[in-house]
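To start, the structure itself, in structure tokens.
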């Protein structure tokens, strides 16, 4: 058992509230600060993509004993439902029988997590903005505005779980030799909604992740418990079809009529929501170090924000907590080494999932219509089904496993190189499903 | 002639004072703010690497009519003087006959530039720290501290020339979709001094850039007009021989005795200065965009800080001003398009010189002792001398030219690929100076 510490967690989002629960259950005094009002008392903002909880997320919840409670709020999705123009709807299974990702609304989950943390004895201070910290002394300053009088708090440890635009990281960033990058992609997103049927049932299959791929842009929909779907439109900020050009209700109407005729009627208040809901940007953030002495550490998006195209943002943040907790068990009261071991293990994996998420963005936006890419996927799928022990697909390594992301990335790159060779085979289009190809892959796999 | 504008330049360093002079001569009202005291009235800090002015820098000075005045403060260096262990001193010419870089002390140059700008009518406000700006309104706020009462100034345009840790960029960085990265290298530097002889002459050849390469670390020395040399020790922060391990005067003494015995006695106050002078970090900073509407723009290090291993930091900053001035002539009073054209032209070139400078760091620290690398350089040199029109060395393209950095980088990469092929030749060590090799390079150059 660790010596009790007086700990501040900045940020009451998913990662902040889960971390607070872990720390409280480990015997610490925990106060969570958030500049926003209590999410349980306000309408949740219309700028969230539904979450896809997968193995890494569940593992972190299980360890702290709340897996079942959260599972009741989630819907399992075992397949993609592809809504491709001029083709009947078709499905792609995510993994093996029984493997699924779980759709859950960010607002619903966040409220529940705060309830659970509060019940365990975590103290929450909402609408209290942290403006600055004293890193060597673990002091924290809050106030109305940057220039108003500030209140000072003394802690022994401070965690920054305050998201991609973290104030805690912002302070760490002023140190010399602090590496940092923020890279925005040129695509934004907007939340829209498909409401439930009158009897409360879902308008589309509720065990599928629905995708309308359209090349430069894409619509997705994930089911909620209440029968509705949260939809997300991903589209470039600038260009022919873009958030820049769809400037009137008429243009929004025409755009959906042209590209999403099958679903347009189902999206409620399309024209209103398109302009009421904000257009959000997506960023990859990397930094290092994640910790300062035995005082300050970053977790979740504040350390490694990623683009959402692998559905791993929350899962990666929750896995940070699993790793941090392992290090707490190992190094007991030596917080400096807890933080060192934590950042050493997590940094390469955070970089790997950032890379994988970005690759998926490129893949989804540029390659879904490329026949060579589709053939490649078909060959991989066939081989993987015949030799499941030799070819675990990258998606499964990321989603249905808790092996390190960096390992998934490395094996995925090896698989890509093997497939590059396979695709050079003469007449590959004709003989993709023949014995010869299977043997070629086996041979390439055997060669180290 | 442009309409007169009331313009603020933040930062009175080399780029800030040159930009102020340009703007004043173009007919604008110009106020320069600097949080530091007037550099003409204080001792210059012991943390600077001497500057190497080359063609791009001179061109920017020439256009505004101050080339001659600055040339009087500089010493031409037409070669490297290599102080390699267990070898006699040898020299490497930088370029063709008459080509040289010019050593100039940062303090001396900065004082002169401020004098020239002040004489032209630029107003300087020293010891006045800019804390914030209002970007759409081009307002600027200064004050004692971040939390003290601030003074508000109204301008029409604001330039951020406030260096790698720019406050102006810091404000721009809070915009969504602003890309930014800062990457520190694991090597630091420290300034040391070789004083003049008693008669005022130089202790080493004063037409050379002196280098003591030692693998993981390196000492350089550049002459000053007053007979002294400014030396810079580049060394890792951590590791066997590092700023971390040299912690006592005795250890500093032993280190210089072991690795720099030929020069140790000449460095004045070695043991004192080693601990008195700060150890400085080196960073590459990239960002985009560099401008906001027709109101705010970044120049020099605030937009693109680079590591110093190509000697191009100041030259690149001065070239920003040349390009900005070209755009001012072209777009007249349309400042939004001036800024757009400026950043569009400069960004790829700033990225290219950042990459080249980083490559030179890797090259200097890892490859100077590699026999294959040295053979490669020998072959290139031989070929370049026989076919000067076909093989302008990368160093010359960067240093003795005002062609875009991005072009130098691209051609340099092509040359590297050609040399990769050449180095695959069997028995290259024996036949490196034979006709066969020359013909192979010509053939590779001819193949597009």
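Coordinate-derived values only; no laboratory data. On a predicted model such as this, the values are computed, not experimentally measured, just so you know. So basically every Cβ, Gly included, is an ideal-geometry build from the backbone, and we count neighbours across all protein chains shown.
Distance between the C-alpha centers of region B:149-209 and region B:1-58? Whole Å please.
Spelled out, the Cα-based centre of one part sits 12 Å from the other.
Tell me the Kirkwood hydrodynamic radius of region A:1-89 in angstroms, computed as one over the mean inverse distance between distinct C-alpha pairs.
It works out to 16.2 Å.
Sequence gap at least 6, Cα distance under 8 Å: using those rules, report the relative contact order of chain A to the nearest whole percent.
17 percent
Given q = 0.05, 0.08 Å⁻¹, what are the Debye log10 I(q)/I(0) values for the protein assembly as shown, with equal point scatterers placed on the Cα positions and solvent ignored?
The Cα Debye sum returns log10 ratios of -0.35, -0.92.
Length gain on complete extension for the stretch residue A:245 to residue A:204, per 0.36 nm per residue less the alpha carbon to alpha carbon distance?
Gain on extension, residue A:245 to residue A:204, equals 11.8 nm.
Could you please tell me the mean projected area of the C-alpha convex hull for chain B, averaged over all directions and given in square nanometres to one decimal?
Directional mean of the projected Cα hull area for chain B stands at 23.9 nm².
Would you mind estimating how fast region A:124-182 diffuses translationally, via Stokes-Einstein at 37 °C and 0.692 mPa s with the Kirkwood radius over Cα pairs, in µm²/s?
Translational diffusion coefficient: 264 µm²/s.
Can you compute log10 of I(q)/I(0) for region B:346-414 with the Debye formula, treating each Cα as one identical point scatterer, at q = 0.22, 0.26, 0.28, 0.29 Å⁻¹?
At q = 0.22, 0.26, 0.28, 0.29 Å⁻¹ the computed log10 ratios are -1.05, -1.22, -1.26, -1.28.
Using the 7 Å Cα-to-Cβ label point, sort the distances from residue B:239 to its equivalents in the other copies shortest first and give them in nm to one decimal.
Nearest first, the other copies' label points are 4.3 nm away.
Hey, rough spin-label estimate for residue B:275 and residue A:237, points 7 angstrom out along Cα→Cβ, what's it come to in nanometres?
5.2 nm
Kindly provide the helix-only [θ] at 222 nm of chain A, computed as the sum of -39,500 (n - 2.57) over DSSP H runs of four or more divided by all residues, to the nearest 500 deg cm²/dmol?
Taken over chain A, the calculation gives -12000 deg cm²/dmol.
For residue B:154, place a label point 7 Å from Cα along the Cα-to-Cβ direction in every copy; what are the distances to the other copies, in nm, shortest first?
4.9
Please list, short to long, the whole-number percent of alpha-carbon pairs of region A:185-281 in consecutive 10 angstrom bins beginning at zero.
Taking every Cα pair in region A:185-281, the percentages come to 16, 51, 27, 5, 0.
So what is Rg over Rh here for region B:149-209, counting just Cα atoms and using Kirkwood for Rh?
Checking Rg against Rh, the ratio lands at 1.24.
Which one of A:405, A:358, A:180 has the biggest mean-square fluctuation once chain A is modelled by GNM with Cα springs under 10 Å?
In this elastic network of chain A, the residue with the biggest mean-square fluctuation among A:405, A:358, A:180 is A:180.
Which percent of Cα-Cα pairs in region A:267-329 sits in each 10 Å bin, short to long?
Spelled out per bin, shortest first, that is 18, 35, 24, 14, 8, 1.
For region A:308-377, compute Rh as the Kirkwood radius over C-alpha pairs and then the Stokes-Einstein diffusion coefficient at 20 °C and 1.002 mPa s; write the answer in µm²/s, rounded to an integer.
The diffusion coefficient I find is 152 µm²/s.
If I fit a long axis through the Cα atoms of helix A:335-362 and take the longest principal axis of the Cα atoms of chain A, what angle between them do I get, 0 to 90°, rounded to 10?
It works out to around 30 degrees.
For region B:81-178, state the average projected area of the convex hull of the C-alpha atoms over all orientations, rounded to one decimal in nm².
The number I arrive at for region B:81-178 is 12.7 nm².
Hey, could you pull the Cα Rg and Dmax for region B:110-151, both in Å?
13.4, 35
Remind me, relative contact order of region A:185-281 in percent, using alpha carbon pairs under 8 angstrom and six or more residues apart?
36 percent
Given label points at 7 Å from Cα along Cα→Cβ, what nm distances, shortest first, separate residue A:204 from the same residue in every other copy?
Distances between equivalent label points, in nm: 6.9.
Using the beta-carbon distance between residue B:395 and residue B:146 and R0 = 41 Å, what value does 1/(1 + (r/R0)^6) give for FRET efficiency, to the nearest 0.05?
According to the calculation, E is roughly 0.40.
Any chance you could give the angle, 0 to 90 degrees and rounded to 10, that helix A:14-25 forms with the longest Cα principal axis of chain A?
Taking Cα atoms only, the helix is inclined about 50 degrees.
Treating the angle as unsigned and between 0 and 90°, give the value, to the nearest 10°, between the Cα long axis of helix A:249-259 and the longest Cα principal axis of chain A.
That helix lies at roughly 50 degrees to the long axis.
Hey, what D do you get for region A:26-161 in µm²/s if you plug the Kirkwood alpha-carbon radius into Stokes-Einstein at 20 °C and 1.002 mPa s?
For the chosen part, D equals 117 µm²/s.
For region A:246-361, how big is Rg over Rh, using alpha carbon atoms and the Kirkwood form of Rh?
Answer for region A:246-361: 1.22.
With respect to the symmetry axis carrying chain B onto chain A, which residue of chain B exhibits the smallest Cβ distance to that axis, and what is the value in whole Å?
B:181, 2
Which of these, B:437, B:392, B:158, has the largest mean-square fluctuation under a Gaussian network model of chain B (Cα springs below 10 Å)?
Comparing B:437, B:392, B:158 in a Gaussian network model of chain B, the most mobile one is B:437.
Pop the C-beta distance of residue A:434 and residue A:264 into the FRET formula with R0 = 45 Å and round what comes out to the nearest 0.05.
So, using R0 = 45 Å, E works out to roughly 0.55.
Quick one: P(r) of region B:370-446 from all Cα-Cα pairs, 10 Å bins, percents rounded to integers, in order of increasing distance.
Once binned at 10 Å, the Cα pair distances of region B:370-446 give 18, 53, 25, 4.
Tell me, B:397, B:414, A:174 in order of fewest to most beta-carbon neighbours within 10 Å?
By the 10 Å Cβ count, ascending: A:174, B:414, B:397.
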